[in-house]
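*Asks:* Below are the structure tokens for one structure; questions will follow.
The values are calculated or read from the model by the stated rules, or taken from the named source; none is laboratory data. Being a predicted model, the structure only gives us computed values, none of them experimental. For neighbour counting, all protein chains shown are included, and Cβ atoms are generated from backbone atoms with ideal geometry for every residue, glycine included. To get the accessible areas, we keep the full protein, side chains included, count just its heavy atoms, and leave off ligands, DNA and RNA. Shrake-Rupley method; radii C 1.70, N 1.55, O 1.52, S 1.80 Å.
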Amino acid sequence: MTATRTAQAHPLLARLSIATHGSVVDGTVDGPSVVSLNPATGEPIASVRLASTVDLDGAIARAHSAFELWRDVPAPHRGEIIRLIGNEFRRLKEPLGELVSLEMGKIRAEGLGEVQETIDIADFAVGLSRQLYGLSMHSERARHRMFEQWQPLGPIGIITAFNFPCAVWGWNAMIAAVCGDTCIWKPSLFTPLTAIASNEIARRVMREQTLFTPHGVDPADVFTLVIGSDEAVGEPMLADRRLPLISATGSCRMGRRVAEVVGKRLGRTLLELGGNNAITVMADADIELVTRAVLFGAVGTAGQRCTSTRRLLVHEGIVERLIERLRAAYSSIPIGDPLNPKTLMGPLIDSRAVVAMRRAVETAVAQGCTVVCGGVEGIERAAAKPGNFVEPTILRVPRGTVPPITCEETFAPILYVFTVASLDEAIALQNGVDQGLSSAIFTDSVRSAERFLSAAGSDCGIANVNIGTSGAEIGGAFGGEKDTGGGRESGSDSWKAYMRRQTCTVNWGGDLPLAQGITFGT
Ligand code: NAD
């Protein structure tokens with residue numbers, strides 16, 4: 001702990017004006033804390049004090065008081081405030097994006113892209129603030145009006161994964177807030193500084209609002225952050241009936257636990273879990289496009305996106321050519337400091353992720369796969385540098401086999417290449433795993449593309465044509481089927497998950513007719 005830099009010492013934190021925030025502390029920490037480490041060097045960035053279950057209890061109580069006032073603020077007015085928050089993210093995009101890179105290890109362009117997603121979703125939420133539409137229905141009873149309206153739900157629990165330390169909160173928080181909910185955010189302990197910075201940006205804007213002044217409630221409590229362990233903070237959040245919705249992003253293992261505990265109290269969950277995403281490549285595909293899409297999908301973010309491309313299902317007519325293209329492209333990928341603009345692949349999040357990648361590669365080889373590039377040798381070569389670096393790996397799967405390891409999500413840049421004889425074979429392989437997040441086909445045939453998009457085609461929440469599996473836009477609903485959890489976040493009508501639907505019937509006549517023509521008594 002003594003080697004820990006002070007918060008004031010880190011220039012990015014100072015640029016984000018979070019140097020004096022109470023959670024970020026220097027080397028001498030009273031009570032439990034977590035050290036945020038730079039995955040590219042293994043060096044500490046700063047320490048963060050960990051919250052207790054008692055702190056969580058207080059935070060939920062504050063978020064509840066804020067909710068009772070925030071829900072009464074007209075939605076378009078809430079949208080105006082979200083617009084100001086979005087503008088603050090615009091102003092601070094560069095230092096915040098660099099903090100994402102520093103703390104999580106994704107390259108600078110992707111760090112900035114992640115903040116851009118938060119800006120985009122804030123803009124989307126502003127528009128939504130005037131579009132939280134309900135339907136009206138024709139009543140079967142004379143002089144009755146029937147309609148449905150959407151009401152705020154309450155304080156929402158948001159649990160996020162390390163790999164999108166800003167944007168996933170943004171997707172949830174901007175939409176939840178415009179719907180009239182307040183937010184309690186438990187981030188990953190790998191990325192507490194990005195969480196503090198992101199949440200502080202929103203809180204600073206809220207503090208300038210005078211909305212709640214007569215009530216003595218801090219408007220900043222619309223956005224509450226609780227950084228703590230799964231035991232002290234995560235589990236109690238799941239069990240707390242004051243949180244009607246838990247939106248959780250992370251592994252399938254975590255999602256199962258969330259579903260179990262929240263389901264037991266009949267609460268709602270929005271689950272965004274692991275993926276095992278495939279690109280199908282037909283013989284008529286544009287090999288240039290495929291190569292670029294595979295590089296971004298399998299190597300980008302060092303394979304640490306939920307939508308990363310993990311399997312390539314290639315028609316036998318193009319497989320040899322494509323493998324040679326990919327081998328050449330993989331050999332020239334600049335790996336290193338994520339803040340260096342020339343770098344295309346940064347480190348994995350920690351040394352355990354490196355060990356997990358090595359184990360997966362060894363298992364794949366034991367199950368019959370052959371190394372095209374990278375492999376254990378590549379992992380050992382990369383280990384010569386400090387930090388959690390690896391070399392991206394391509395493994396070729398023996399024809400007609402499905403090695404069990406290829407059905408698992410290993411959060412690392414491993415690509416399994418299968419050879420197929422037909423689109424039907426590719427679709428069966430693609431859908432033959434437990435996860436159902438993202439999928440893609442590369443083809444110039446309308447017939448193949450439409451077959452892929454048909455009801456008997458891809459079973460995933462995302463299905464793309466001539467676009468890779470990763471890099472979704474915020475305008476669509478984002479999420480996946482099967483073990484990916486079934487939740488939808490971000491655009492389209494995902495906002496409905498953050499509200500409760502109320503069906504209303506108003507009798508403006510002088511009689512009391514019953515539905516279905518029932519007569520009761522007189
Ligand atoms: P993880 O499951 O280890 O942790 C995710 C979050 O859940 C963390 O904040 C963690 O502290 C919390 N958590 C874990 N157990 C908990 C419990 N019992 N109670 C409460 N909280 C608990 O995942 P990770 O390693 O941070 O992220 C990688 C995983 O996330 C991958 O599987 C990836 O596919 C998935 N992911 C999915 C999406 C999506 O939108 N589908 C997006 C990003 C990441």
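*Asks:* How do the peptides 398-408, 428-438, 292-302, 442-452 rank, highest first, by the average count of neighbouring beta carbon atoms within 10 Å per residue? Could you put the intermediate results ahead of the total?
*Replies:* On the way: 398-408: 15.5, 428-438: 21.0, 292-302: 24.5, 442-452: 17.3.
Most protected by this proxy first, the peptides run 292-302, 428-438, 442-452, 398-408.
*Asks:* By how many degrees, 0 to 90 and rounded to 10, does the Cα axis of helix 319-331 deviate from the longest principal axis of the chain?
*Replies:* For helix 319-331, the angle is close to 80 degrees.
*Asks:* Angle, helix 351-366 long axis vs. longest principal axis of the chain, Cα atoms, 0 to 90°, nearest 10?
*Replies:* Compared with the principal axis, the helix lies near 60 degrees.
*Asks:* Protein chains only, probe 1.4 Å: how do Arg91, Arg310 rank by accessible area, largest first?
*Replies:* Details: Arg91 155, Arg310 5 Å².
These residues rank, largest area first, as Arg91, Arg310.
*Asks:* Among DSSP beta bridges lying fully in the chain, give the percent that are antiparallel, nearest 5. Please report the intermediate quantities before stating the final value.
*Replies:* Numbers: 26 of 66 bridges.
Antiparallel bridges make up about 40 percent of those DSSP assigns within the chain.
*Asks:* Helix 93-104 versus the longest principal axis of the chain: what angle, 0 to 90°, nearest 10, using Cα atoms?
*Replies:* Once rounded, one gets 60 degrees.
*Asks:* Probe 1.4 Å, all protein chains in place: accessible area of Lys385 in Å², nearest 10?
*Replies:* 90 Å²
*Asks:* When only C-alpha pairs under 8 Å and at least 6 residues apart count, what is the relative contact order of segment 277-473, in percent?
*Replies:* Values: 382 pairs, mean separation 59.4, N = 197.
Taking the mean separation of contacting Cα pairs over the length of segment 277-473, I get 30 percent.
*Asks:* Could you order peptides 45-52, 193-200, 472-479 by the average number of other Cβ atoms within 10 Å of their residues, highest first?
*Replies:* Working: 45-52: 22.2, 193-200: 26.5, 472-479: 18.8.
Ranked by mean Cβ neighbours within 10 Å, highest first: 193-200, 45-52, 472-479.
*Asks:* If you don't mind, there's one more thing I want to ask. If we sort 349-360, 318-329 on the protection proxy, mean other Cβ atoms within 10 Å, highest first, what's the order? Spell out each step's value before the answer.
*Replies:* Numbers: 349-360: 18.0, 318-329: 16.0.
Output ranking for 349-360, 318-329: 349-360, 318-329.
*Asks:* Something else now. Have a look at the DSSP beta bridges in segment 7-273 and tell me what percent are antiparallel, nearest 5. Please list the in-between numbers first.
*Replies:* Working: 10 of 27 bridges.
The antiparallel proportion sits near 35 percent.
*Asks:* Determine the per residue accessible area of segment 258-310 with all protein chains present and a 1.4 angstrom probe, expressed in square angstrom.
*Replies:* Averaged over the residues of segment 258-310, the accessible area is 31 Å².
*Asks:* How far apart, in nanometres, would the label points at Ser331 and Thr53 be if each is projected 7 angstrom from Cα along the Cα-to-Cβ direction?
*Replies:* The answer from the label model is 5.8 nm.
*Asks:* Have a look at Gly105, Ser52, Thr343 and report the one farthest towards the positive end of the charge dipole of the chain, computed about the Cα centre with Cβ charges (Lys/Arg +1, Asp/Glu -1).
*Replies:* Ranked along the dipole, the leading option is Ser52.
*Asks:* Have a look at the DSSP beta bridges in segment 143-252 and tell me what percent are antiparallel, nearest 5. Spell out each step's value before the answer.
*Replies:* Values: 0 of 12 bridges.
Antiparallel bridges make up about 0 percent of those DSSP assigns within segment 143-252.
*Asks:* With charges only on Cβ, +1 for K and R and -1 for D and E, what is the dipole size of segment 277-473 about its Cα centre, in debye, rounded to 20?
*Replies:* Numbers: 17 positive and 21 negative charges, 91 e Å.
For this selection, approximately 440 debye.
*Asks:* Further question: Quick one: dipole size for segment 351-410, taken about the Cα centre, charges +1 on Lys/Arg Cβ and -1 on Asp/Glu Cβ, in debye to the nearest 20.
*Replies:* Values: 7 positive and 6 negative charges, 9 e Å.
It comes to approximately 40 debye.
*Asks:* In addition: In terms of solvent-accessible area of protein heavy atoms at a 1.4 angstrom probe, what is the ranking of His10, His138, His77, His64, highest value first? All intermediate terms of the calculation are to be shown ahead of the outcome.
*Replies:* Working: His10 20, His138 180, His77 80, His64 60 Å².
Ranked from most to least accessible, the order is His138, His77, His64, His10.
*Asks:* Met137 accessible area, nearest 10 Å², 1.4 Å probe?
*Replies:* Roughly 60 Å² of Met137 is accessible to a 1.4 Å probe.
*Asks:* Now, a different point. In the chain, carbon and sulfur make up what percent of the accessible area (probe 1.4 Å)?
*Replies:* Details: 11360 of 21500 Å².
Accessible surface attributable to carbon and sulfur in the chain totals 53 percent.
*Asks:* Continuing with this model, one more query. With +1 assigned to the C-beta of every Lys and Arg and -1 to the C-beta of every Asp and Glu, and no other charges, what is the dipole magnitude of the chain about the Cα centre in debye, to the nearest 20? Intermediate values should be presented prior to the final figure.
*Replies:* Numbers: 50 positive and 56 negative charges, 100 e Å.
Dipole about the Cα centre, nearest 20: 480 debye.
*Asks:* Moving on to the next point. What is the Cα centroid distance between segment 72-139 and segment 165-221, reported in whole angstrom?
*Replies:* Taking the Cα centre of segment 165-221 as reference, the centre of segment 72-139 is 11 Å away.
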